[in-house]
Amino acid sequence: MESIIPWKEWMELIAPFYIQKERGRKLIPLETMLRMYLMQNWFGLSDEGIEDAIYDSYAMKHFLKIDFSTEQTPDATTLLHFRHLLEKHDIARKIFDDVKQRLDASGLIMHGGTIVDATIIHAPSSTKNATKSRDPEMHSTKKGNQWYFGMKIHSGADAGTGYDYFVYDSDHIEKIRDFAVNTDIQIMVIIIDAFQKKLNLINRDNDKKFGGARPIDLLRETNPIVVIDEPQSTISTESQLEAVRNLNPLCTIRYSATPVRVENKLYKLDAIDSFDKKLVKGIEVDSFAVRDAHNDAYLCLKSVDNRRSPITAQIEIDKKMRSGTVQRKTIKVRQGDDLYEKSGGRDVYTGYIVNDIYCGAGEEYVDFTSRPAVLRLHEAVGQVHADEIK
């Protein structure tokens, strides 16, 4: 507090009103009274209480900054008059406003809050299923003194917004009625296993709580907005997709960092965007490789051979296969060969007709009649390098 409080500014607020009178006791230094007043507020003590506490506490004595061998702690009556002085001239409010502005400027003041609640989403603990395993995203979790298998979820709503939420529980299925008829914005958290099967309670007639209707039908009538987290695992089967469609949603929003398929993308936040928006401190790339970069003519001279006539060369190119795919292949060429034909008719090789194959040791090369490119041994033309991507 010694370094945070703007002592000079606050004392300048009080000084014009803290004046020595012609009669009466000598005024106690203003800074001493301000320090005593602040400690009284911090610890919530009465006038007499703070006086006694200062005598008992070394930390308070040190903060008050007086020499107790020659001076005494201001008494309760003196502090009372000082408080009344601050109240009379509205100085206490000015000090409070100054504190508020400083906290706000430092980003330390909270203007609103969120009501947060923790609950459990239950999951089957049995391994008697097709995969002979439990849900890998679920685990044993504790609430109070009771252990559950599932997931602990912390849900919240901004205070004062009117949002309401609940986590679906088949033991309290009547909450679906409130979800359907409430005029406020309602949020229901539910897992796919709770409504995917016909035997789920939400899909069955309910005489007791819904007058014979199915709870799912009430949901369908609301045309809910469905938000799906991690759709690559949540709705990965046709039956799961059908269960979501059966909710009769107004729209379905998928949220995933690793989607299997992308439909009508609304927003993308990749690693680079996150870094640019200062949402992450840095990006670390483990490894990467260049694949399918076939838009330019790629050539690499692998070897030359003049041991027999005619002289030949081995050149690596991107060749179009019968399947229509492009693969990197090594072909044998001689003077006059057309790489357009050798590549399976790829336009990027138009004009690459072999002109000369030179086999001099250390100076091997191949050049072309209509192209300026000169292939040196083991050098590539048209290669996309990983360093360039970096």
Exercise. From the residues in the stretch 355-373 that are of a type in the set (Val, Ile, Thr) and either outside the structural domain of Ser303 (by TED's automatic domain parsing) or out of contact with any Ser or Thr (no Cβ under 8 Å at 6 or more places or on another chain) (or both), which one is surrounded by the fewest Cβ atoms within 10 Å (Cβ to Cβ)?
Worked result: Thr369
Exercise. So which residues in the stretch 183-213 are polar (S, T, N, Q) and surrounded by fewer than 11 Cβ atoms within 10 Å (Cβ to Cβ)?
Worked result: Thr183
Seminar exercise, completed: Of the residues in the stretch 29-62, those that are under 23 Å from Arg93 (Cβ atoms) and not in a helix (DSSP H, G or I) number 3
Exercise. Which condition number does Lys209 fail, the rest of (1) part of a strand (DSSP E or B); (2) in contact with an Asp or Glu (Cβ under 8 Å, 6 or more places away or on another chain) being met?
Worked result: (1)
Exercise. When the residues of the stretch 168-181 are filtered to those that are surrounded by 12 or more Cβ atoms within 10 Å (Cβ to Cβ) and out of contact with any helix residue (DSSP H, G or I) (no Cβ under 9 Å at 6 or more places or on another chain), which remaining residue is modelled with the lowest pLDDT?
Worked result: Asp178
Exercise. For the stretch 347-367, which residues satisfy the criterion of being touching a residue at least 40 places away in the same chain (Cβ under 8 Å) and either among the aliphatic types (A, V, I, L, M) or part of a loop (DSSP other than H, G, I, E, B) (or both)?
Worked result: Val348, Tyr352, Val354, Ile357, Cys359, Glu364, Val366
Exercise. What residue, of Lys94, Lys26, is among the basic types (Lys, Arg) and either out of contact with any helix residue (DSSP H, G or I) (no Cβ under 7 Å at 6 or more places or on another chain) or outside any helix (DSSP H, G or I) (or both)?
Worked result: Lys26
Exercise. Applying the selection to the stretch 214-229, what residues are over 18 Å from Arg177 (Cα atoms) and either exposed (fewer than 15 other Cβ atoms within 10 Å of the Cβ) or in contact (Cβ under 8 Å) with a residue 40 or more places away in the chain (or both)?
Worked result: Val227, Asp229
For this session: Working only within the stretch 62-91, note down all residues that are within 14 Å of Arg35 (Cα to Cα) and either exposed (fewer than 13 other Cβ atoms within 10 Å of the Cβ) or within 48 Å of the chain's Cα centre (by Cα) (or both).
Result: His62, Phe63, Leu64, Lys65, Asp75, Leu86
For this session: Being β-branched (Val, Ile, Thr) and at pLDDT below 90 narrows it down to one of Ile66, Ile14, so name that one.
Result: Ile66
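The values are calculated or read from the model by the stated rules, or taken from the named source; none is laboratory data. Remember, predicted model here, so these are calculated numbers, not experimental data. Glycine gets a Cβ as well: all are built from the backbone with ideal geometry, and neighbour counts include every protein chain shown.
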